[in-house]
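For reference, the structure is listed below as structure tokens.
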Amino acid sequence: GAGVSQSPRYKVAKRGQDVALRCDPISGHVSLFWYQQALGQGPEFLTYFQNEAQLDKSGLPSDRFFAERPEGSVSTLKIQRTQQEDSAVYLCASSLAPGGTTDTQYFGPGTRLTVL
Amino acid sequence: GQQVMQIPQYQHVQEGEDFTTYCNSSTTLSNIQWYKQRPGGHPVFLIQLVKSGEVKKQKRLTFQFGEAKKNSSLHITATQTTDVGTYFCAGHASNTGKLIFGQGTTLQVKP
């Protein structure tokens with residue numbers, strides 16, 4: 001596609017429910033990043049994939065968060081037993097090259113998660 | 001860990017006035033990127049600065065990277081209502097692709 005797409009755009013979950021957020025990166029992009037953006041804050045890094053390999057998951061806030069990219073394209077961020085503090089916009093970004101520091105990251109529209 | 005700070009957090013200007021946001025990193029950066037996020041939107045890449053002391057211009061926007069590669073600024077000349085949004089600077093953590101974002105500066109422009 002023309003850009004990074006994410007689904008769903010909005011998700012409301014009851015506390016304790018599991019959620020799955022999907023990211024479709026730009027075709028051919030090797031690197032994929034997940035960020036969490038709380039209201040009024042800048043995006044915070046969660047995890048990074050190079051193709052199907054998860055090379056950095058240092059930003060995942062707890063073991064309730066899990067991400068995968070099994071075929072090196074689409075990625076899913078799963079949050080188990082959601083808590084109210086998980087409410088945020090989850091942004092996915094992709095870049096063409098393998099994790100370099102000079103690549104432009106293209107962001108998707110985000111999924112706004114609200115946990116009641 | 002590495003931190004990126006931005007000031008001010010908010011700025012309200014009259015249309016036609018200039019605007020500047022400042023970005024400071026706790027560590028030396030390999031490069032710095034600037035993004036704009038419109039209300040309800042997602043971050044959109046504006047520019048990347050790599051060299052010490054580098055200055056780049058995009059129409060009314062001027063971006064600077066400090067000599068020590070620890071600070072940067074974005075200056076908008078003669079703001080327009082279309083400039084409204086939040087401007088983020090972001091630096092890479094060491095030599096990985098992971099971006100560390102500042103808190104952003106939200107610009108409001110009164111017509």
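Data for the structure
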read-out: Positive-end residue of A:Ala97, B:Ile76, A:Gly59, charge dipole of the protein assembly as shown with Cβ unit charges; value: B:Ile76
read-out: Amide H contacts under 5 Å for B:Gln103, placed H, 5+ residues apart; value: B:Gln6
read-out: Cα Rg, Dmax, chain B, angstrom units; value: 13.4, 43
read-out: Residue-wise HN-Hα coupling along the stretch A:55-70, computed from phi with Karplus coefficients 6.51, -1.76, 1.60 (Hz; x: Gly, Pro); value: 8, 8, 10, 5, x, 5, x, 7, 6, 7, 9, 9, 10, 8, 8, x
read-out: Aspartates and glutamates whose Cα lies under 12 Å from that of B:Lys110, excluding same-chain neighbours fewer than 8 positions away; value: B:Glu15, B:Glu17, B:Asp83
read-out: Accessible area buried between chains B and A, both sides summed, probe 1.4 Å, in Å² to nearest 100; value: 1600
read-out: Straight-distance crosslink candidates among aspartates and glutamates, where the alpha carbon sits under 16 Å from B:Lys51 and sequence neighbours closer than 8 are dropped; value: A:Asp103, B:Glu67
read-out: Partner chain coverage, peptide A:34-41 - average Cβ within 10 angstrom; value: 3
read-out: Long-range amide H partners of A:Ser87 with built H, under 5 Å; value: A:Val115
read-out: Distant-in-sequence amide H partners of B:His92 (H built 1.01 Å from N, under 5 Å); value: B:Ser30, B:Asn31, B:Ile100
read-out: Per-residue average of Cβ from other chains inside 10 Å of A:52-64; value: 1
read-out: Choice from B:Gly41, B:Gly85, B:Gly66 with maximal GNM fluctuation in chain B (Cα, 10 Å cutoff); value: B:Gly41
read-out: For the protein assembly as shown, average projected area of the Cα convex hull in nm²; value: 12.1
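The values are calculated or read from the model by the stated rules, or taken from the named source; none is laboratory data. The shown structure was predicted, so the numbers you read here are calculated from the model rather than taken from an experiment. Note that we place each Cβ from the backbone using ideal geometry, even for glycine, and neighbour counts take in every protein chain shown. For accessibility, only protein heavy atoms count, side chains too; no ligands or nucleic acids. Shrake-Rupley method; radii C 1.70, N 1.55, O 1.52, S 1.80 Å.
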